[in-house]
1. Please find, among Gly321, Gly328, the residue that is modelled with pLDDT under 85, on the phi > 0 side of the Ramachandran plot and of a type outside the set (A, V, I, L, M, F, W, C).
2. Would you mind finding the one in Ala121, Ala91 that is at pLDDT 90 or above and hydrophobic (A, V, I, L, M, F, W, C)?
3. For the stretch 424-445, enumerate the residues that are touching a helix residue (DSSP H, G or I) at 6+ places or on another chain (Cβ under 7 Å), closer than 12 Å to Ala100 by Cα and not aromatic (Phe, Trp, Tyr).
4. What residue, of Ala81, Ala144, Ala97, is free of Cβ contacts under 8 Å to residues at least 60 places away in the same chain and closer than 25 Å to Ala219 by Cα?
5. Taking the condition assigned to a helix (DSSP H, G or I), at pLDDT below 75, closer than 23 Å to Glu181 by Cβ and in contact with a helix residue (DSSP H, G or I) (Cβ under 6 Å, 6 or more places away or on another chain), does Ser43 pass?
6. Considering only helices (runs of 4 or more DSSP H) fully contained in the stretch 416-528, which possess at least 1 residues that are modelled with pLDDT of 70 or more and touching a strand residue (DSSP E or B) at 6+ places or on another chain (Cβ under 8 Å)?
7. List every residue pair whose Cβ atoms sit under 6 Å apart, with the two residues 6 or more apart in sequence or on different chains, where the first one lies in the stretch 392-405 and is assigned by the TED database to the domain that holds Arg347 and in a helix (DSSP H, G or I) and the second, anywhere, is surrounded by 21 or more Cβ atoms within 10 Å (Cβ to Cβ) and charged (D, E, K, R).
8. Have a look at Leu281, Leu314 and point out the one that is without any contact (Cβ under 8 Å) to a residue 60 or more places away in the chain and outside the structural domain of Pro454 (by the TED database).
Amino acid sequence: MCLTPLGLARAVISPNTSAEPIPLAGSIDHANDEDADSDAGDSMHMSEQEHGHVRRLIFTSHLLSTWNSRVFEFGAFLFLANIYPDTLLPASIYALARAASAAVLSPWIGSYIDKTDRLRAVRISIVGQRVAVALSCVALYLLARFESMRSGVDSTLFLAGLALLACVEKLSAVLNTISVERDWVVIVAGGHEERLRDLNAQMRRIDLFCKLIGPLAIAFVDGASPEVAIMATGCMTMMSVLVEYWTIARVYNFVPALQAPKEVASTRTDRTMATKIKSSLAGTAIYIKHRAFLPSLALALLYLTVLAFGGQMLTYLLSLGLSSGLIGVLRGISAIFEMSATWIAPRIMSHIGPVRSGIWFINWQILCVSIACAFFWLDYNPTVAAIGTVTAVIASRVGLWGFDLSAQMIVQEEVEPIHRGTFSSQEFALQNVFEMLAFASTIVFPRPAEFKYPATISAGAVAVAGVLYAVFVRSRRGHLLHWSKCVERHGKKSGAHGWTRVPGHEIADQADDPEHELNGLLPAAGRA
């Protein structure tokens, strides 16, 4: 069996270049049009054939990066569980160190991205990830091979080294993700909204594909031989370095706008700790005061969840008596629903824009997680509760990733190029903080019978995210629903009188919100 993702690339990387690009038409108001124009640069003038070539290159690099990251992310915990079968402490320390490093140090990464040459930043992220994974695999192989190293001082030193390498790998992954997904993709799109939607959707599709297939592949090899699985992980990560390095350089050289020097907000070179802390606080202030803060915060809040097919919920389902094989099937079904969102979301955004599509998707997720949470509190037998919970959680994944794509596009179009790294790094830090809080909730309530409490906290976090996003939509559009249209329709049906429409509002509503274009997507009963 060949684990390398290169053989899977054609199945995942399938650029759609048949449609004509649609220029950004103001679905989001830009406060800094000059920055948007500078991003477009020469990329706006790329033909569909040239754009398709660049897409394939960036997708290949992203596929390799994500594949190796997902395989190692899952494999490391699997390897530690095999090496230390009687305790969860090593894996817990490893996971905590990895998440904490991203939560604390991501803001500095954002500042670095905003001031550094684009190609240099991505290349550092590639080398950092690959070297950290390779060295980790060497350490894990030694621990698996020699039992004497699993106790005493040797074990402590190896675990400390693995935790440090995990931090390097995680921070390098954050550097790569922010650079490519939040900066390079916007520039490659060249000011075309349709291209940006398609790039975002395909990148997320690759993420979800690797998230599903990568762990399955490495788990299959680990079942045959843990040592072979460790070596395979290390070999794959080293073999992909040159391909990633070359493809990302090709993208950089093909798109002149990526080579443009970056503007920097400050030219200070003082590197004292006080200055670094002040710079971090300044980045936090930029994030909080930015007009894209609320959708970004709402997206980060969704990471505070146990209602997903992660370790916590899997443990709960196993405690109910579900077999690991059945759980694997359910996880696969969930992945199909997640992937479907990468096709559904771009289509809906093309009709109503990312702002309105976001409110649709977040409301769908609130509905689904509320139903899932209700099964924990209502008096059903365990089998019915498990079926209801799993079904609702699977359905909620469409809302999650649909909202993710909507919020990501808002951030990409709203945030000025000079602040993209700073803004996105603050968001990534919050995501890791909320993810750690999700783990903390199951530490406080560790028994399966108490899982309803973390589940309720998760549902509450989604509800708060929905409220925050609703506030953003209200401030942006002036309304959540077209009350005047609802009143007008009701009046026509019931013969009511006394309501007067202010001249010009209908035109303004349609200009701000092309709701009428939903007619091609929804039946008449759903057009509220």
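1. On the way: Gly328 fails: on the phi > 0 side of the Ramachandran plot.
Criteria check complete, one pass: Gly321.
2. Numbers: Ala91 fails: at pLDDT 90 or above.
Going through Ala121, Ala91 in turn, the sole match is Ala121.
3. Ala429, Leu430, Gln431, Asn432, Val433, Glu435, Met436
4. Values: Ala144 fails: free of Cβ contacts under 8 Å to residues at least 60 places away in the same chain; Ala97 fails: free of Cβ contacts under 8 Å to residues at least 60 places away in the same chain.
Among Ala81, Ala144, Ala97, only Ala81 is free of Cβ contacts under 8 Å to residues at least 60 places away in the same chain and closer than 25 Å to Ala219 by Cα.
5. Values: assigned to a helix (DSSP H, G or I): yes; at pLDDT below 75: yes; closer than 23 Å to Glu181 by Cβ: yes; in contact with a helix residue (DSSP H, G or I) (Cβ under 6 Å, 6 or more places away or on another chain): yes.
In short, yes.
6. Numbers: elements: 420-444, 452-477, 483-494, 505-512.
Filter on the stretch 416-528 gives an empty set.
7. Here the result reads Arg397/Glu338; Trp401/Glu338, each pair linking the stretch 392-405 to a residue that is surrounded by 21 or more Cβ atoms within 10 Å (Cβ to Cβ) and charged (D, E, K, R).
8. Details: Leu314 fails: outside the structural domain of Pro454 (by the TED database).
Going through Leu281, Leu314 in turn, the sole match is Leu281.
The values are calculated or read from the model by the stated rules, or taken from the named source; none is laboratory data. As the structure is a prediction and not an experimental result, all values here were calculated from the model. Every residue, glycine among them, receives a Cβ derived from its backbone with ideal geometry; neighbour counts consider all protein chains shown.
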